[in-house]
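What follows is calculated from the coordinates using simple rules that are stated; it is not laboratory data. Predicted model only: the values in this text are computed from it and were never measured. Positions of Cβ are backbone-derived with ideal geometry, glycine not excepted, and every protein chain shown enters the neighbour counts.
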Protein chains: 2
Amino acid sequence: MFEFFAQYLVEKGELTQIELELIRQAAVSKKVRKNHYLLEEGKVSNFIGFVANGCFRLFRKGEDGQEYTMKFAIENWWISDFTSFMSGEPSNCYIEALENSELIWFSREIWDHLLATIPNFKRMIDSLTAKNFEANQNRIFSNISEPAEVRYDNFVNKYPTLYNRIPLYMIASFLGITRETLSRIRKQAAKK
Amino acid sequence: MFEFFAQYLVEKGELTQIELELIRQAAVSKKVRKNHYLLEEGKVSNFIGFVANGCFRLFRKGEDGQEYTMKFAIENWWISDFTSFMSGEPSNCYIEALENSELIWFSREIWDHLLATIPNFKRMIDSLTAKNFEANQNRIFSNISEPAEVRYDNFVNKYPTLYNRIPLYMIASFLGITRETLSRIRKQAAKK
DNA sequence: TCCCTTTATTGATAATTGTCACATTCCATT
DNA sequence: AATGGAATGTGACAATTATCAATAAAGGGA
């Protein structure tokens with residue numbers, strides 16, 4: 001299980017064997033069963049998880065009671081409510097396992113310690129944080145500038161391994177449209 | 001001019017006089033005239049600016065050639081294309097002065113040096129970065145979960161000093177609607 | 001396999017938003 | 001104060017999307 005993560009660390013972060021060993025000792029394996037929650041609204045997101053296996057979604061509940069998907073995470077992605085993690089304030093998000101999943105799990109204390117003691121790890125995470133920021137910017141731009149059909153096309157192209165693994169109504173809420181509209185967009189697209 | 005910035009640093013970052021002096025020496029004052037650009041698409045955002053005076057907008061051009069406002073910045077706000085700043089890649093954004101404005105301007109080299117040598121400054125910036133991340137999350141959530149009228153109301157409540165200082169069509173593009181729709185939303189709201 | 005729950009599709013209709021054309025208002029400059 | 005350009009408002013209509021209701025399809029236990 002950890003080996004999968006170790007491979008990621010070597011590829012992405014160019015970590016040495018010694019550094020890997022430090023992380024291995026700090027890491028906790030965690031299984032989350034389908035439909036169970038890793039985080040619920042009101043609780044502080046005191047962890048960061050690396051998805052070794054399975055699939056998660058992070059969502060918020062709107063004024064209308066509906067669930068709005070903020071992000072998905074599959075293998076090789078990191079999952080947490082980073083806002084709550086950074087602020088230490090209670091989260092307004094839920095993190096739900098969409099499949100039986102396995103995580104490499106780090107508490108806040110351990111995470112901070114790893115960042116402070118392993119420069120290569122910190123470099124890797126800083127780089128990911130920058131990418132994450134960029135992705136958020138792009139998503140905002142997409143939301144304000146592109147019609148729903150284009151947003152869906154881009155989603156499919158960007159996450160080819162996601163769109164046939166996740167219920168469509170979650171993708172719809174991620175894109176900011178209703179499931180019915182997504183259904184019709186797909187029907188249109190199929191004609192072409 | 002710098003005094004305005006110094007006050008901000010003391011309030012937000014609790015910087016000492018010695019630290020202030022280091023920053024003062026590193027800072028460059030810069031004036032940007034109304035309608036002039038601080039950054040244009042294709043160029044690297046090699047700076048971070050603190051708005052001492054005036055107003056800026058950061059926007060991207062859509063496929064349709066339209067300008068979509070990604071953010072505004074007035075006094076006490078920071079302005080840069082952080083995506084390009086962090087990656088070193090050419091920006092896809094423009095930063096335009098909406099008024100005659102004054103900046104405290106830091107080159108990337110100086111910025112990195114300040115962060116590395118002044119822990120209080122780094123702490124302050126890290127905190128702002130976290131807030132910025134949170135704001136982006138909230139904006140995404142707003143875009144996918146709230147109707148235009150609510151988004152506009154929230155905008156007005158959140159940025160009371162902004163909405164009567166900036167052309168409405170820029171606010172419309174920030175919210176992801178056309179100016180005509182915003183005009184009608186405002187008309188509706190006025191009735192209540 | 002069958003049944004039940006969840007998910008997806010579809011139709012009809014309403015609400016929202018966009019587009020285009022034009023009128024009006026607001027400002028900055030002379 | 002006059003003028004021209006930018007910004008905003010408005011009306012008519014089209015396109016998009018939401019809502020509601022019902023059906024169909026898919027998937028997961030017992």
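Under the combined filter of DSSP loop state and at most 13 neighbouring Cβ atoms within 10 Å, the stretch B:121-159 retains none of its trypsin sites (Lys or Arg not before Pro).
The Cβ shell under 10 Å around A:P167 holds other residues with a net charge of +3, Lys and Arg each +1, Asp and Glu each -1.
Once you treat every alpha carbon in the stretch B:2-111 as an equal point and sum by Debye, what is log10 I(q)/I(0) at q = 0.18 Å⁻¹? Listed by q, the Debye log ratios stand at -0.88. Per residue of A:129-136, other chain Cβ atoms within 10 Å of the residue Cβ number 5 on average. For the stretch B:124-192, the percent of C-alpha pairs falling in each 10 Å distance bin, counted from 0 to the bin holding the largest distance, reads 19, 48, 25, 7, 1. Computed over chain B, relative contact order equals 23 percent, with contacts defined as Cα pairs under 8 Å that lie 6+ residues apart. Near B:S87, once Lys and Arg are set to +1 and Asp and Glu to -1 for all other residues with Cβ below 9 Å from its Cβ, the sum equals -1.
Note on chain B: Cα-Cα pairs beyond 29 Å make up 27% of the total pair count. Estimated from the Cβ-Cβ distance and a Förster radius of 56 angstrom, the FRET efficiency linking A:E21 and B:A148 is about 0.55. For the stretch A:148-192 versus the stretch B:90-123, the inter-centroid distance based on Cα atoms is 38 Å.
Positive contributions from Lys and Arg (+1) and negative ones from Asp and Glu (-1), summed over other residues with Cβ under 14 Å from the Cβ of A:Y8, come out at -4. According to a simple spin-label model (label point 7 Å from Cα along Cα-to-Cβ), what is the distance in nm between A:L168 and A:A189? Inter-label distance under the simple model: 1.0 nm. Plainly put, the tip 7 Å out from Cα toward Cβ on A:N138 is 2.6 nm from that tip on each other copy, the closest given first.
Just how many % of Cα pairs in the stretch A:39-85 lie over 18 Å apart, if you round to the nearest whole percent?
31
The spacing between the stretch B:30-69 and the stretch A:41-78, judged by their C-alpha centroids, is 33 Å. For the protein assembly as shown, the square roots of the Cα gyration tensor eigenvalues, ordered a ≥ b ≥ c, give a/c of at least 1.5 with a/b no greater than b/c, which places it in the oblate category.
Shown for chain A are the DSSP H helices of 24 Å or more along their axis, judged by Cα atoms, with a mean Kyte-Doolittle hydropathy of at least -1.0: A:119-145. Rounded to the nearest Hz, the phi-derived 3J(HN,Hα) couplings of the stretch A:27-35 under the Karplus curve 6.51 cos²θ - 1.76 cosθ + 1.60 (θ = phi - 60°) are 6, 10, 7, 9, 9, 10, 7, 3, 6, where x marks glycine and proline. Position B:P160: other-copy label points at 5.2 nm, ordered by increasing distance, label point 7 Å along Cα→C-beta.
Is the shape of the stretch B:95-146 rounded, prolate or oblate, going by the alpha carbon gyration tensor and its root eigenvalues a ≥ b ≥ c, with a/c under 1.5 for rounded and a/b larger than b/c for prolate? In terms of gyration-tensor shape, oblate.
For the segment B:80-87, counting C-beta atoms of other chains within 10 Å of every residue's C-beta and taking the mean gives 3.
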